[in-house]
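**Student:** Quick one: the structure is below, and I'll ask about it shortly.
Any read-out appearing in this document is the output of simple, stated calculations on the displayed coordinates, not a laboratory observation. What you see is a predicted model; the values in this text were computed from it and never measured. Here the Cβ positions follow ideal geometry from the backbone for every residue, glycine too, while neighbour counts run over all protein chains shown.
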Amino acid sequence: MPLTHATTGFLSSPAPLYFDRLTPADARGDPLVLVHGGAHSGACYRRTPDGRPGWASDFLGQGFDVLVVDWPGQGRSGHVPPERIRGELIVTVLRQLLEQLDRPVTVLVHSMSGAYGFKLLEQASERVKRLVAVAPAPPGNLQPSPTIIEKSDDALEVQMLAMRWRIPKGADFIVDKRTLNVKLIGDGWRFPRASIDAYRASLAPIPSRLLSERMNVRRSQLRLAEHIRFPETPILIVTGTHDIDHPRDVDMALADWLAERGARAEFAWLADRGIDGNGHMMMLEDNSSEPAHLIGAWIRGEGG
């Protein structure tokens with residue numbers, strides 16, 4: 001599809017944020033902002049490990065004006081001192097981007113950035129017209145604290161759902177072989193396994209503070225106001241069938257919790273929509289265009 005614009009942009013304050021913007025000649029509807037999860041950058045939306053165009057291209061082909069961001073301190077967004085990197089900072093910078101756009105947008109978040117998307121919706125509901133949350137981290141209101149397995153001077157080991165995590169103290173978390181194969185790739189059949197080395201090379205360290213927040217260690221995950229209301233805000237939760245950290249009942253409960261607070265929340269278990277075998281990184285898998293088109297249809301109000 002011919003482009004009217006293919007540009008890049010930066011925000012410098014309150015922390016550096018890089019973004020790509022891809023605008024089709026016949027752009028329709030609201031801009032779509034894609035926010036990556038932990039250990040990744042916006043590159044996960046630009047290209048798959050086996051070299052196919054990524055979700056940014058899929059959504060561009062559907063007529064969306066697409067923005068792909070890198071978290072502060074990740075990808076091309078520039079250095080942020082480790083002591084400053086927290087979920088609240090990421091939310092603040094994303095809100096600044098929406099203020100610069102100065103028009104309603106659809107925000108799509110994945111994994112760890114799920115909690116950021118819900119907080120962003122709380123803080124900037126007038127700018128977030130819709131929220132798509134793919135295998136999302138829930139807000140701290142809904143997430144129990146993990147079981148602490150072991151403490152040491154160097155790390156904290158915790159159990160959360162099916163995974164045991166070793167969170168370094170004063171250092172970044174490096175994705176190890178088990179996290180790669182069990183958490184990110186999983187036991188589905190959609191990930192391009194011949195391209196695992198290329199995928200591993202794309203992964204970035206996760207700041208330990210962010211990982212602690214994701215695990216809700218000491219109730220540190222971002223929380224929403226206890227009496228928060230989302231009056232009729234459309235929210236779509238999307239989950240694959242082979243995502244070890246996102247059992248059907250857990251993500252469905254999140255959708256129900258949001259609906260109880262006024263959102264028009266919908267839960268899409270992909271197998272119910274005829275899409276099977278996907279794990280945590282559905283945007284990188286061999287059928288990546290299928291969930292992208294499901295999401296695009298939902299944004300356009302065409303249903304799933």
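**Student:** Of Pro168, Ala137, Leu120, which is farthest towards the positive pole of the chain's charge dipole, taken about the Cα centre with +1 and -1 on the beta-carbons of Lys, Arg and Asp, Glu respectively?
**Tutor:** Ranked along the dipole, the leading option is Pro168.
**Student:** Hey, another quick one. May I ask which residue of Leu236, Val182, Ser77 lies farthest towards the positive end of the charge dipole of the chain, with charges of +1 (Lys, Arg) and -1 (Asp, Glu) on Cβ and the Cα centre as origin?
**Tutor:** Ser77
**Student:** Shifting gears a bit: Give me the base-10 log of I(q)/I(0) for the chain at each q in 0.11, 0.13 Å⁻¹, Debye formula, one uniform scatterer per Cα, rounded to two decimals.
**Tutor:** Per q value, in the given order, log10 I(q)/I(0) is -0.61, -0.89.
**Student:** Toward the positive end of the charge dipole of the chain, about the Cα centre and with charges on Cβ (Lys, Arg +1; Asp, Glu -1), which of Pro31, Ala268, Ser208 goes farthest?
**Tutor:** Going by the charge dipole, the pick is Ser208.
**Student:** Let me ask something else. Please report, in Å, the Rg and the Dmax of region 63-212, where both are computed over Cα atoms only.
**Tutor:** 16.8, 52
**Student:** Ok, one more. So, with +1 on the Cβ of K and R and -1 on the Cβ of D and E, and no other charges, what is the size of the charge dipole of region 167-208 about its Cα centre, to the nearest 20 debye?
**Tutor:** Result for region 167-208 is approximately 80 debye, rounded to the nearest 20.
**Student:** At 20 angstrom or more along the helix axis (alpha-carbon based) and mean Kyte-Doolittle of -0.5 or higher, what helices does the chain contain? Whole DSSP H runs only.
**Tutor:** Counting only whole DSSP H runs, the qualifying helices are 87-101.
**Student:** Work out from phi, with θ = phi - 60° and the Karplus expression 6.51 cos²θ - 1.76 cosθ + 1.60, the ³J(HN,Hα) of each residue of region 272-278, listed in order in whole Hz, and give x for Gly and Pro.
**Tutor:** Here the 3J(HN,Hα) series is 5, 9, x, 10, 10, x, 8 Hz.
**Student:** Check the straight Cα-Cα distances from Lys151 and name the lysines below 17 Å, setting aside those fewer than 8 residues away within the same chain.
**Tutor:** Qualifying lysines at Cα under 17 Å: Lys169.
**Student:** Next question, about the same structure. Counting other beta carbons within 10 Å of each residue's own, what order do Glu266, Glu150 fall into, fewest first? Each step should come with its number before you reach the end.
**Tutor:** Details: Glu266 16, Glu150 10.
Listing Glu266, Glu150 from fewest to most nearby Cβ atoms yields Glu150, Glu266.
**Student:** Follow-up. Please check: in the Gaussian network model of the chain (C-alpha springs, under 10 Å), which one of Gly277, Gly51, Gly188 has the largest mean-square fluctuation.
**Tutor:** With Cα springs under 10 Å in the chain, the top fluctuation among Gly277, Gly51, Gly188 is at Gly51.
**Student:** Right, next: Using alpha carbons only, how many angstrom separate the centre of region 159-182 from the centre of region 103-128?
**Tutor:** 26 Å
**Student:** Return Thr48, Thr147 ranked ascending by Cβ neighbour count within 10 Å, so the fewest neighbours appear first. Walk me through the intermediate numbers first.
**Tutor:** Working: Thr48 22, Thr147 10.
Sorted ascending by nearby Cβ count, the order is Thr147, Thr48.
**Student:** How much FRET efficiency would the formula 1/(1 + (r/R0)^6) give for Ala297 and Asp256, where r is the Cβ-Cβ distance and R0 is 30 Å, rounded to 0.05?
**Tutor:** It comes to 0.85.
**Student:** Oh, and also: With a ≥ b ≥ c the root eigenvalues of the C-alpha gyration tensor of region 177-295, is it rounded (a/c under 1.5), prolate (a/b larger than b/c) or oblate?
**Tutor:** Note, shape of region 177-295 comes out oblate.
**Student:** Then there's this: In whole angstrom, note down how far apart the Cα centers of region 201-230 and region 41-67 are.
**Tutor:** Taking the Cα centre of each part, region 201-230 and region 41-67 sit 25 Å apart.
**Student:** Taking all pairs of distinct Cα atoms, average 1/r, flip it, and tell me the Kirkwood hydrodynamic radius of region 156-218 in Å to one decimal place.
**Tutor:** Averaging 1/r across every pair of different Cα atoms and inverting gives 12.8 Å.
**Student:** Counting Lys and Arg as +1 and Asp and Glu as -1, each charge on the Cβ, what is the dipole of region 1-87 about the Cα centre in debye, to the nearest 20?
**Tutor:** With Lys and Arg at +1 and Asp and Glu at -1, about 180 debye.
**Student:** Shape call for region 200-252 from the C-alpha gyration tensor, a ≥ b ≥ c root eigenvalues: rounded (a/c under 1.5), prolate (a/b greater than b/c) or oblate?
**Tutor:** Values: a/c = 2.02, a/b = 1.24, b/c = 1.63.
It is oblate, given that a/c is not under 1.5 and a/b is not larger than b/c.
**Student:** By how many nm would the segment from Arg264 to Glu157 lengthen if fully extended, with 0.36 nm per residue of separation less the alpha-carbon distance?
**Tutor:** Between Arg264 and Glu157, full extension yields an extra 34.8 nm.
**Student:** Among Val69, Val105, Val80, which one shows the highest mean-square fluctuation when the chain is modelled as a Gaussian network with alpha-carbon springs under 10 Å?
**Tutor:** Val80
**Student:** At 222 nm, what value in deg cm²/dmol follows for the chain if DSSP H runs of at least 4 each add -39500 (n - 2.57) and the sum is divided by all its residues, to the nearest 500?
**Tutor:** Mean residue ellipticity, 222 nm, calculated: -7000 deg cm²/dmol.
**Student:** About the Cα centre of region 3-299, what is the dipole size in debye to 20, counting +1 per Lys and Arg Cβ and -1 per Asp and Glu Cβ, all else neutral? Numbers along the way, then the final one.
**Tutor:** Details: 34 positive and 36 negative charges, 102 e Å.
For this selection, approximately 500 debye.
**Student:** I'd like the Karplus ³J(HN,Hα) series for region 48-54: coefficients 6.51, -1.76, 1.60, θ = phi - 60°, whole numbers in Hz, and an x wherever there's a Gly or Pro.
**Tutor:** 8, x, 8, x, 7, x, x
**Student:** Considering only DSSP beta bridges whose two residues both sit in the chain, what percent are antiparallel, to the nearest 5?
**Tutor:** 50 percent
**Student:** Highest GNM mean-square fluctuation, the chain, Cα pairs closer than 10 Å: which of Lys129, Lys169, Lys151?
**Tutor:** In this elastic network of the chain, the residue with the biggest mean-square fluctuation among Lys129, Lys169, Lys151 is Lys151.
**Student:** Can you tell me the FRET efficiency between Asp249 and Arg164 if r is taken as the Cβ-Cβ distance and R0 is 22 Å, rounded to the nearest 0.05?
**Tutor:** 0.55
**Student:** On to the next question. What list do you get for Glu157, Glu290 if you sort them by fewest beta carbons within 10 Å?
**Tutor:** Details: Glu157 15, Glu290 19.
The order, fewest Cβ neighbours first, is Glu157, Glu290.
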